[in-house]
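Heads up, the thing below is written out as structure tokens.
The values are calculated or read from the model by the stated rules, or taken from the named source; none is laboratory data. Note that this is a predicted model, so its numbers are computed, not measured. Note: ideal-geometry Cβ built from the backbone for every residue, glycine included; neighbour counts use all protein chains shown.
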Amino acid sequence: MRILHVASEAYPFMKTGGLADVCASLPRAQARLGHDVRVLIPAYRAATAKLRAPKTIADVQLSGLPGDVRVLETGMQDSTSKVWLVDYGPAFDRDGNPYLDDTGIAWRDNAERFLLLCRTAVSIVHEPALFGWRPDVVHCHDWQAGMVAPLIDDDQDIVKIFTVHNLSYQGIFPRATFTSLGLNEELWAMDGIEYLDQMSFIKGGIVFSDWITTVSPTYAREIQTSELGCGLEGLLQHRSDRLMGILNGIDYDEWDPNTDPHIDYHYTADTLHGKLRNKVACMERWSLHRSDNAPLFGFVGRLVEQKGIDLLIAALPELLAHGFPFVVLGTGDPELERKLQAIGRAHPERIHVRIGYDEKMSHQIEAAADIFVMPSRFEPCGLNQMYSMHYGTVPVVSQTGGLTDTVVPAAPQTLADKTATGFSFTELTAEGLGAAIRQSVELFDNKERWGAIMRTGMTRDFSWRRSALAYLDLYQAD
Ligand code: ADP
Ligand code: GLC
């Protein structure tokens, strides 16, 4: 099959979160299964800087746009799949975050920028001769690619898939933007892209695609409820026969403690002393005070409400009072950044707080930490808990979305039959998180049981193959 993925991020060209990981590793897994895969993303300045000898695939004229849109091609590492980049300077040739300006406010022209991405994808479908290639399937990810499906002509024989990675980001713009974009007035309807008198990119994907997927079975159920449906639960219930959850995998080419180029010492489930050496090296690097037998806690992620950072901040004093070292890496909400930095300054030997995006350090944390904390308020899938389990770093998670689907919580039965891979809590409060952390610390002292939890997590199969096959089945379903 010829498969075109359309997204706003793909690792290593642009990454702010898990979307980028998925939009690199799913195509790679599909290519390994023998399919012809392209990933269309914007040619952000930072992405263009990473290109070595890019090839021009086509110069596209889009009506109403001054100048051509150039589509560049580059290879994807260790894969036959290709990345196509939408090169249009006024939209994408700028520094910084793909969605936000320096002050943390959404770029004013986001609707124009991501509509441009969508229109380029549509021209690949409508004008295959220009590109020398036509997809059988167009697989769009998140709101930035939501306007692809509504703009594809009905007579096109193509499968349209839309994957929701996070329903809380919807691409909502005022009616005036809809008008200025010059879109067909017919789209301005309840069964179109109108949402509470505004324009909704994500509705385009949900209403006009053949199938809607999300990244875990539990989240597929949750988004049909008023708690986590973000106002779209009615529409999603309406489309429930076309909605399914396919769990993300992890890319063992990038995330494997036995080959990871970012970490100090390689190890496997049979050579766990290597993990301890990473802990010693990293704690020294991060100037953390080491006391024997104290577990090292870690967190990596976007510092936003979704991730339950407020719960973490509330749980920290107790942890630090017990002398448990902590390492935090993240970037996001300036207020949360400030609070974490203040705690870091107050306890420099106990907690190392790094505000910023640092790929290498994120791998080092997975390798060095004993316990990974993920108190998400909601989590469509979550990749870090899977990276953690694969690195023998036991996750403490909230019971939500993909966290529920991937972590087997420690309980008398799961400890006895050695299926436990982590700890979980249901009550989304600092007390709930605190109780799960206490449970983990108690078991940490039981070396035999702890070793079993680590090994079970490390040997579970989180590979992409299974999920890639599930998507392929869906592409072929009626
Ligand atoms: P989300 O997509 O909601 O951010 P995921 O758990 O699916 O959450 O994926 C997050 C990805 O982004 C992981 O690969 C994680 O390591 C990475 N990541 C998040 N924040 C940072 C950061 N500050 N530095 C490096 N990597 C980060
Ligand atoms: C989103 C979600 C996260 C998921 C990722 C990749 O950013 O927040 O849970 O793992 O997409 O699908």
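Tabulated results
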| item | result |
| --- | --- |
| Matching residues in segment 355-375 - criterion: being within 11 Å of ligand 1 (Cβ to nearest atom) and in contact with a helix residue (DSSP H, G or I) (Cβ under 6 Å, 6 or more places away or on another chain) | Ile355, Gln364, Glu366, Phe372, Met374 |
| Qualifying residue in segment 92-108 (condition: in the same structural domain as Gly171 (by TED's automatic domain parsing), touching a Ser or Thr at 6+ places or on another chain (Cβ under 8 Å), under 26 Å from Phe178 (Cβ atoms) and of a type in the set (A, V, I, L, M)) | no |
| Sole residue being closer than 30 Å to Ser180 by Cα, assigned to a helix (DSSP H, G or I) and within 16 Å of ligand 1 (Cβ to nearest atom), chosen from Leu26, Leu19 | Leu19 |
| Helices (runs of 4 or more DSSP H) contained entirely in segment 325-444, each with at least 1 residues that are free of Cβ contacts under 8 Å to residues at least 24 places away in the same chain | 334-346, 412-416, 430-444 |
| Gly132, sole failed condition from (1) under 25 Å from Ile246 (Cβ atoms); (2) touching a residue at least 40 places away in the same chain (Cβ under 8 Å); (3) surrounded by fewer than 21 Cβ atoms within 10 Å (Cβ to Cβ) | (1) |
| Close pairs (7 angstrom Cβ cut-off, 6 or more residues apart or separate chains): in the same structural domain as Gln170 (by TED's automatic domain parsing) and free of Cβ contacts under 8 Å to residues at least 40 places away in the same chain in segment 197-225, of a type outside the set (Ser, Thr, Tyr) and within 16 Å of ligand 1 (Cβ to nearest atom) anywhere | Ala220/Gly245 |
| Residue within segment 468-477 that is in a strand (DSSP E or B) and crowded, with 20+ Cβ neighbours inside 10 Å present | no |
| For Met386: the one exception among (1) within 16 Å of ligand 1 (Cβ to nearest atom); (2) over 21 Å from the mean Cα position of the chain (by Cα); (3) surrounded by 19 or more Cβ atoms within 10 Å (Cβ to Cβ) | (2) |
| Failed condition for Ile371, given (1) surrounded by fewer than 21 Cβ atoms within 10 Å (Cβ to Cβ); (2) touching a strand residue (DSSP E or B) at 6+ places or on another chain (Cβ under 9 Å); (3) aliphatic (A, V, I, L, M) | (1) |
| Residues that are farther than 19 Å from Leu26 by Cα and surrounded by fewer than 16 Cβ atoms within 10 Å (Cβ to Cβ), drawn from segment 135-154 | Asp153, Asp154 |
